[in-house]
Amino acid sequence: MSRVGKKPIQIPSGVEAKQEGNFIIVKGPKGELKRALFDEVKVSIKNGIIEVYPYKETKKTGAVWGLCRALVSNMVDGVSKGYEKKLQIEGIGFKARVEGNKLILNVGFSHPVEVLQPEGIKFVVEKNIITVSGADKELVGQIAAKIKMIKKPEPYKGKGIRYFGEIIKLKAGKKVVASGG
């Protein structure tokens, strides 16, 4: 039995959820999300509450039940409140800017690196902070991770792109030994 799967999901005002075949569609002020459901679970939408319950009994039913409930809950939260990840650029001369639907990063390479803005995602740059926001939690996290992988923080000076508030454990550099000669 899944503890997470048993919990009902409350639909906030301004959010509309419906089921079409094997898909669940959630619309709200921040956008519209659509996701395919697993064969092992079914969804019922009644009186402003979404409930996920097992349909087929297989080995993975318990795990899929909780997963599906969490995904639907993230969809409801995403279209009502939205999600955001903040990234921090650290390093001399490292900067970012938004031009149209592209994020352009100057992070120590011989050329600027461009990241295209997918549909439903918004980039905002303030000083050395990049904010990636959108309704789809999975897509926001994936794009933020993709941006971070362009220039990971190096372990000696900490230069690179990191999540806001992330602490990089710095290594000690080479020790200079004085010769007694």
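Anything in region 10-39 that is closer than 12 Å to Arg69 by Cβ and without any contact (Cβ under 8 Å) to a residue 40 or more places away in the chain? List them, or say none.
Leu37, Phe38
Across region 127-141, what is the total count of residues that are loosely packed, with under 15 Cβ neighbours inside 10 Å and at pLDDT 95 or above?
2
I'd like to verify a number: residues in region 91-126 that are within 21 Å of the chain's Cα centre (by Cα), charged (D, E, K, R) and part of a strand (DSSP E or B), how many?
Of the residues in region 91-126, 5 are within 21 Å of the chain's Cα centre (by Cα), charged (D, E, K, R) and part of a strand (DSSP E or B).
Can you name every residue in region 127-156 that is touching a residue at least 12 places away in the same chain (Cβ under 8 Å) and assigned to a loop (DSSP other than H, G, I, E, B)?
Asn128, Ala135, Asp136, Lys151, Pro153, Pro155, Tyr156
Can you spot a residue in region 15-25 that is touching a Pro at 6+ places or on another chain (Cβ under 6 Å) and of a type in the set (A, V, I, L, M, F, W, C)?
The answer is no; no qualifying residue exists.
In the list Gln10, Gln88, which residue meets the criterion of being of a type outside the set (A, V, I, L, M) and buried (at least 16 other Cβ atoms within 10 Å of the Cβ)?
Matching residue, one of Gln10, Gln88: Gln88.
For Lys18, only one of the following conditions fails: (1) surrounded by fewer than 13 Cβ atoms within 10 Å (Cβ to Cβ); (2) of a type outside the set (S, T, N, Q); (3) not in a strand (DSSP E or B). What is its number?
Here Lys18 clears every test but (3).
Which one of these is touching a residue at least 24 places away in the same chain (Cβ under 8 Å), basic (Lys, Arg) and farther than 26 Å from Lys148 by Cα: Lys7, Lys59?
Just a single option satisfies the conditions, and that option is Lys7.
In this structure, is Asp39 out of contact with any Asp or Glu (no Cβ under 7 Å at 6 or more places or on another chain), outside any strand (DSSP E or B), among the acidic types (Asp, Glu) and at pLDDT 95 or above?
The answer is no for Asp39.
Any idea which residue in region 157-181 is nearest to Val132 (Cα to Cα), counting only those that are part of a loop (DSSP other than H, G, I, E, B) and of a type in the set (D, E, K, R)?
Glu166
What residue, among those in region 158-175 that are among the small types (Gly, Ala, Ser) and surrounded by 10 or more Cβ atoms within 10 Å (Cβ to Cβ), is farthest from the chain's Cα centre (by Cα)?
Gly158
Would you say Gly66 is in contact with an Asp or Glu (Cβ under 9 Å, 6 or more places away or on another chain), part of a helix (DSSP H, G or I), small (Gly, Ala, Ser) and surrounded by 14 or more Cβ atoms within 10 Å (Cβ to Cβ)?
no
The values are calculated or read from the model by the stated rules, or taken from the named source; none is laboratory data. The shown structure was predicted, so the numbers you read here are calculated from the model rather than taken from an experiment. Virtual Cβ from ideal backbone geometry, glycine too; neighbours counted across all protein chains shown.
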